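Q: Got a structure for you, questions after.
The values are calculated or read from the model by the stated rules, or taken from the named source; none is laboratory data. Since we're looking at a predicted model, the values are computed, not measured. We place every Cβ from the backbone using ideal geometry, glycine too, and count neighbours over all the protein chains shown. Note: areas computed on protein heavy atoms with side chains; ligands, DNA, RNA excluded. Shrake-Rupley method; radii C 1.70, N 1.55, O 1.52, S 1.80 Å.
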Amino acid sequence: MALTEVLILVLSFLVLLAIGVPVAYSIGLSSVLTLIISMPSITAYTTLAQRMATGLDSFALLAIPFFVLSGQLMNRGGIARRLVDFAKVLVGPLPGGLAFVNILACMLFGAISGSAAAAASAIGGFMGPRMEKEGYNKEFSAAINITSSTTGLIIPPSNILIVYSLASGGVSIAALFMAGYIPGILVGLALMSVAAVYSIRKGYKGDSRESLSGAIKKFFNAFPSLLLLIIVIGGIVAGIFTATEASAIAVLYTLVLAMLYKEVTWRDLPKILEESVLTTAIVMLLIGTSMGMSWVMSYENIPQEVSNLLIGLSDNPIIILVIINLILLFVGIFMDMTPAVLIFTPIFLPVVTKLGMDPIHFGIVMVLNLCIGLCTPPVGSVLFIGCSVAGIKIEKVLKPLIPLFITMIAVLMLVTYWPDLTLWLPRVFGF
């Protein structure tokens, strides 16, 4: 490993980020600068361009624009409101019931849409004013919404798990999807425990219990939306279609559903498509430049050297996993999930596989780490969205976020050192 190239790669990337250059451009420019040291400039430009194009040439990645479009249709199609009503039937009567409703609705909507940003925007925009009207602390409500929105990145279908499958060299997407259920539900339950303690201390009451007829009506209103999870995940696990084909089915299903709900018309589609294209373009540019940087690191032998360094520090798997978790938590503070997964998977996956860790297990651990980063400044995208929707400043929401962070980290440790929490469901379904 050439020390000069490593320093140029790391320092140029950090400097570009510090002066406000977008992450995708920072990754691409630092990769080019590093290659120029090792080869002629024209060769460096050509090589990086080829690696970016090759990185995007994947059938599995076609699922991302479809799931993004599906999420946009759900956001506009009245699905969030129906899921909130259903969640209210299940947990609304409990003390602090609206906080539980917020968490459960984010879990359901995030799982169906596969987007933390969509969940924070849709559920936060609907639940925030309702919770404030009922006397809930505005900062607490925003903190609950922000952290619970990330559960949709763990509970399938999840775009980031598809990205991890690509970065890991082809780990089964279906297996990753199945592996995400228990950890994602555990995060949701852990957040509910914090909300329960806070609500009891503040004296927040639950809503009145829904009548049986009203509960049945709200269940049937939400059932078509919940059915999407069964269709998508059931179809993938049963081998009826691939994750990419499932994403296309999700778009068709949500479009029909939104039309039947009369929340989306044909006139709304151009705007929805435009927003989906913009989001997809950003994600794909990040993937392309990140794949380029991953190749540069491999060319400079960085993953192998980091692997040897970590293994040399200790032969105790517990210590190595603590170090990797700390690094990923730190990385998540400054970097978005997609480039972080694409850049650090090739570095850490060889290390954990040497320790006997299953790549499926590591994928969930990595995503859990980075989910926490989405809620932390300075780059936490879900933090910004949640605060924007709630109409409050970031510094005001940090205090109520701290106990929620601690709880999420506790779940992360549990999932890290208890592999069966992640691997039990994939094994049951034969993965």
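Q: Quick one: with all protein chains in place, what share of the accessible area of the stretch 52-136 is carbon or sulfur, to the nearest percent (1.4 Å probe)? Let's see the in-between values first.
A: Working: 1610 of 2680 Å².
Carbon and sulfur together cover 60 percent of it.
Q: Given the stretch 330-431 reduced to its alpha-carbon atoms as identical point scatterers, what log10 I(q)/I(0) does the Debye formula return at q = 0.13, 0.16, 0.17 Å⁻¹?
A: After summing over all Cα pairs, the log10 values are -0.55, -0.78, -0.85.
Q: In whole Hz, what ³J(HN,Hα) sequence does the stretch 214-229 give by Karplus (6.51, -1.76, 1.60; θ = phi - 60°), x for Gly and Pro?
A: Values per residue, Gly and Pro as x: x, 5, 5, 4, 5, 5, 5, 5, 8, 4, x, 5, 5, 4, 4, 4 Hz.
Q: Another question, if that's okay. So if we plug the beta-carbon distance of residue 326 and residue 201 into 1/(1 + (r/R0)^6) with R0 = 30 Å, what FRET efficiency do we get, rounded to 0.05?
A: Values: r = 31 Å, r/R0 = 1.04.
For residue 326 and residue 201, the calculated efficiency is 0.45.
Q: Another question, then. If you find the alpha carbon centre of the stretch 383-430 and of the stretch 109-146, how far apart are they in angstrom?
A: 15 Å
Q: For the stretch 27-152, what's the radius of gyration and Dmax over Cα atoms, in angstrom?
A: 21.3, 68
Q: Looking at the stretch 17-80, I'd like the Rg to Rh ratio, where Rg is from alpha-carbon atoms and Rh is Kirkwood's inverse mean 1/r. Let's see the in-between values first.
A: Details: Rg = 17.6 Å, Rh = 14.6 Å.
Answer for the stretch 17-80: 1.20.
Q: Label-point separation (nm) for residue 406 and residue 226, each offset 7 Å from Cα along Cα-to-Cβ?
A: 3.4 nm
Q: May I pose another question? Based on the Cβ-Cβ distance from residue 277 to residue 18, what FRET efficiency comes out when R0 is 30 Å, to the nearest 0.05?
A: Numbers: r = 30 Å, r/R0 = 1.00.
My answer for the efficiency is 0.50.
Q: Note the full-extension length gain between residue 189 and residue 269 as 0.36 nm times their separation in residues minus their Cα-Cα distance, in nm to one decimal.
A: Numbers: separation 80, 0.36 × 80 = 28.80 nm, distance 3.63 nm.
Roughly 25.2 nm would be gained on extension.
Q: Can I ask one more? Can you list, largest first and rounded to whole Å, the semi-axes you get for the stretch 141-233 by taking the square root of 5 times each eigenvalue of its Cα gyration tensor?
A: Working: eigenvalues 192, 86, 17 Å².
They are 31, 21, 9 Å, listed from largest to smallest.
Q: Pull up the cross-link candidates among the lysines for residue 202, meaning alpha carbon to alpha carbon under 25 Å and not fewer than 8 places away within one chain.
A: Correct list for residue 202: 88, 133, 138, 393, 396, 399.
Q: In the stretch 230-326, which trypsin sites (Lys or Arg not before Pro) fall in coil by DSSP and have 16 or fewer other Cβ atoms within 10 Å?
A: Numbers: sites: 262, 267, 271; in loops: 262.
Passing both the DSSP loop test and the Cβ count: 262.
Q: Another question, then. Once phi is turned into ³J(HN,Hα) by the Karplus curve 6.51 cos²θ - 1.76 cosθ + 1.60 with θ = phi - 60°, what whole-Hz value does each residue of the stretch 246-257 show in order, with x for glycine and proline?
A: 5, 5, 5, 5, 4, 5, 4, 5, 5, 5, 4, 5
Q: Please turn the phi angles of the stretch 30-44 into ³J(HN,Hα) values with the Karplus equation 6.51 cos²θ - 1.76 cosθ + 1.60 (θ = phi - 60°), one per residue in order, whole Hz, x for glycine and proline.
A: Listing the rounded values in order: 5, 5, 4, 4, 5, 5, 4, 5, 9, 8, x, 4, 4, 5, 5 Hz.
Q: From the square roots a ≥ b ≥ c of the eigenvalues of the alpha-carbon gyration tensor of the stretch 196-240, which class results: rounded (a/c under 1.5), prolate (a/b over b/c), or oblate? Don't jump to the answer; show the numbers that get you there.
A: Details: a/c = 5.95, a/b = 1.85, b/c = 3.22.
Oblate shape, in that a/c is at least 1.5 and b/c is the bigger or equal ratio.
Q: So for each of 361-368, 149-156 I average, over its residues, the number of other beta carbons within 10 Å; can you give me the resulting order with the highest mean first?
A: Values: 361-368: 26.0, 149-156: 29.0.
Result, highest mean first: 149-156, 361-368.
Q: Hey, another quick one. Over the alpha carbons of the stretch 72-231, what is the largest minus smallest coordinate on each principal axis, giving the biggest first in Å?
A: The Cα atoms of the stretch 72-231 stretch 51, 33, 25 Å along the principal axes, largest first.
Q: Can I ask one more? For the stretch 117-170, take N as its residue count and report Rg(C-alpha) divided by 2.2 N^0.38 Å. All intermediate terms of the calculation are to be shown ahead of the outcome.
A: On the way: Rg = 15.0 Å, N = 54, 2.2 N^0.38 = 10.0 Å.
Here the answer is 1.50, to two decimals.
Q: Shifting gears a bit: Run through every distinct alpha carbon pair of the stretch 196-352 and return the Kirkwood hydrodynamic radius in angstroms, one decimal place. List each step's numbers first, then the result.
A: Details: mean 1/r = 0.0479 Å⁻¹.
Averaging 1/r across every pair of different Cα atoms and inverting gives 20.9 Å.
Q: Less than 12 Å Cβ to Cβ from residue 6, Lys/Arg counted +1 and Asp/Glu -1: what total charge do the surrounding residues give? Provide the component values of the computation, followed by the final result.
A: Working: positive: none; negative: 5, 300, 305.
So the surrounding residues net to -3.
Q: Rounded to the nearest 0.05, what FRET efficiency do residue 4 and residue 427 have when you use their Cβ-Cβ distance and R0 = 51 Å? Mind dumping the intermediate values first?
A: Working: r = 46 Å, r/R0 = 0.91.
FRET efficiency, residue 4 to residue 427: 0.65.
Q: Computed from the coordinates I sent, Rg and Dmax of the Cα atoms in Å equals one of (i) 25.3, 85; (ii) 21.6, 74; (iii) 23.9, 87. Tell me the label.
A: Here the calculated entry is (ii).
Q: Further question on the same structure: Could you tell me the distance between the Cα centroids of the stretch 327-359 and the stretch 54-101, to the nearest Å?
A: That distance is 26 Å.
Q: Could you rank the peptides 161-173, 193-205 by their average count of other C-beta atoms within 10 Å per residue, with the highest value first? Please list the in-between numbers first.
A: Working: 161-173: 21.5, 193-205: 16.2.
For the peptides 161-173, 193-205, the packing ranking is 161-173, 193-205.
Q: How are the C-alpha pair distances of the stretch 254-294 spread across 5 Å bins, as whole percents from the shortest bin up?
A: P(r) over the stretch 254-294, rounded to whole percents: 6, 20, 18, 15, 12, 10, 9, 6, 4, 0.
Q: Averaged per residue, what accessible area in Å² does the stretch 207-287 show with a 1.4 Å probe, protein chains only?
A: On the way: 4650 Å² over 81 residues.
That works out to 57 Å² per residue.
Q: Then there is this: Once you place label points 7 Å from the Cα toward the Cβ at residue 353 and residue 50, how far apart are they in nm?
A: The modelled label-to-label distance comes out at 2.4 nm.
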